[in-house]
Structure formats: structure tokens, C-alpha cells
Amino acid sequence: MYGLGPNEKLSGELLIIDGVSYLSTVAADGNIKVTETYKTKAPFFVYTHVDEWMEIALPDSIENLLQLEQFIDSISRGINNPFCFKLNGTIISSSIHVVNLPPGTKVDSPEQAHQGQRNYSLKKESVEIIGFFSRKHQSVFTHHDTYLHMHLITADKKYIGHLDELKIKKESMRFFVPLYIK
């Protein structure tokens, strides 16, 4: 099982990789606290089961999220359903966030949902990125301006968050889709 979404009351980020569920929250000192748990809830959550992955070579031109989105869109023209993908490797840099809404906050807009959000910058980290692609779910489980929703976890499991920015080199990153995609 693979999945992702925000934690209940927008108080953290959830990520399931190969059946293991992780919750990242913002600790009192501002650092990310990662817990392995299924004892949580989510206002929305996208998930799937993947039995077998197939690696697809990334073009040399892919260095950021927009280029990655365009590539995924181009290789999935005949696919109408959402699907999961993953990237494994070492990033040049990335920016992630963890939602951290103050308790009791009323949310009437996307801007209000990100009050208290904490942003983290990472450089030269070994990571796994789980993402979902859908042309039909903008503002449902992707943001309104993208077909992607991705969460990143570092190899040491000290950082987990919603992926906002990414800089990669093709030779340091491997890209996978479920075998049923091709």
C-alpha cells in the first residue's frame, strides 16, 4: 500500500510506503517529529496498492517539478485514472512543508489551511518520493494548479513532508510507475 495526505485538523503530513505508515508533525522546537503509526485520521487521503513497479528512464532535461509533471503527463496520455509513482535517489535540493494549523482554527480557504505551516529545505539527501498523478482531481487530492501531489521521506526517516520544490539530476534519481501503467 502507498498513500499520502494531511493529518487530521491539518496538524501534520501522512505517508504510507510499502504498507508502513508515517506521521510527521512539527515539534515544539520547530523540528519535524516522525512517528510510525496507523493511529491517525485524515481529511482526505489518496492511496493505492502496487504489487510490482516498473522503472522508466528519466530524460536528461528533467530537473524540477514542472518538468517532472510534464514528463509524467506525456507518458500517460492514454491513462484516465489516477496513478501512483515513486522516485528514489539523491536530490540536489528540495523544499517540503508540514501543515501545522493551530488547534481550533476555522478554515474557509486554502490560504487559511496553511497557517502555521513549517517549511524545510533539504540538500544532497537520499530520499524516496511517493506521488500521485491525476488530470481529474485538481483541488481534490492535488493542488488546483497541478496534476501532482507528492510527499518526500529522507532515507534516515528524519524528514517527511509535502514536496513543494525539487531539483534533481537524472543520473542520481530513479523513476518508477506501477507495472499496470504500461
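The values are calculated or read from the model by the stated rules, or taken from the named source; none is laboratory data. The structure presented is a predicted model; accordingly, all values stated were derived computationally and were not measured. Note that each Cβ is placed from the backbone with ideal geometry, even for glycine, and that neighbours are counted across all protein chains shown.
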Output the residues belonging to segment 146-175 that are modelled with pLDDT under 95, surrounded by fewer than 17 Cβ atoms within 10 Å (Cβ to Cβ) and under 16 Å from Ile72 (Cα atoms). Thr146, Lys170
So for segment 52-68 (the condition being within 23 Å of Ser94 (Cα to Cα) and touching an Asp or Glu at 6+ places or on another chain (Cβ under 7 Å)), does at least one residue qualify? yes
Positions within segment 92-150 being over 23 Å from Ile32 (Cβ atoms), touching a Ser or Thr at 6+ places or on another chain (Cβ under 7 Å) and of a type in the set (A, V, I, L, M, F, W, C), in sequence order: Phe133
Given the conditions (1) over 15 Å from the mean Cα position of the chain (by Cα); (2) buried (at least 20 other Cβ atoms within 10 Å of the Cβ), and given that Pro178 satisfies all but one, which numbered condition is not satisfied? (2)
Looking at segment 1-32, which of its residues are among the charged types (D, E, K, R) and assigned to a strand (DSSP E or B)? Glu13
In segment 124-160, what count of residues is obtained for those that are on the phi > 0 side of the Ramachandran plot and in contact (Cβ under 8 Å) with a residue 40 or more places away in the chain? 1
Can you tell me which residues in segment 67-123 are of a type in the set (Lys, Arg) and under 19 Å from the mean Cα position of the chain (by Cα)? Lys86, Arg118, Lys123
Does Ile56 meet the test of being surrounded by 15 or more Cβ atoms within 10 Å (Cβ to Cβ), more than 25 Å from Ile168 (Cα to Cα), touching a residue at least 40 places away in the same chain (Cβ under 8 Å) and of a type outside the set (S, T, N, Q)? no
By residue number, the members of segment 113-139 that are assigned to a loop (DSSP other than H, G, I, E, B) and surrounded by fewer than 13 Cβ atoms within 10 Å (Cβ to Cβ) are Lys124, Lys136, Ser139
Across segment 70-112, which residue is modelled with the lowest pLDDT among those that are in contact with a strand residue (DSSP E or B) (Cβ under 6 Å, 6 or more places away or on another chain) and part of a loop (DSSP other than H, G, I, E, B)? Pro82
The one condition Leu66 fails out of (1) assigned to a loop (DSSP other than H, G, I, E, B); (2) surrounded by fewer than 16 Cβ atoms within 10 Å (Cβ to Cβ); (3) without any contact (Cβ under 8 Å) to a residue 40 or more places away in the chain is (1)
Just to be sure, is Thr35 in contact with a Phe, Trp or Tyr (Cβ under 9 Å, 6 or more places away or on another chain), part of a strand (DSSP E or B), at pLDDT 95 or above and not charged (D, E, K, R)? yes
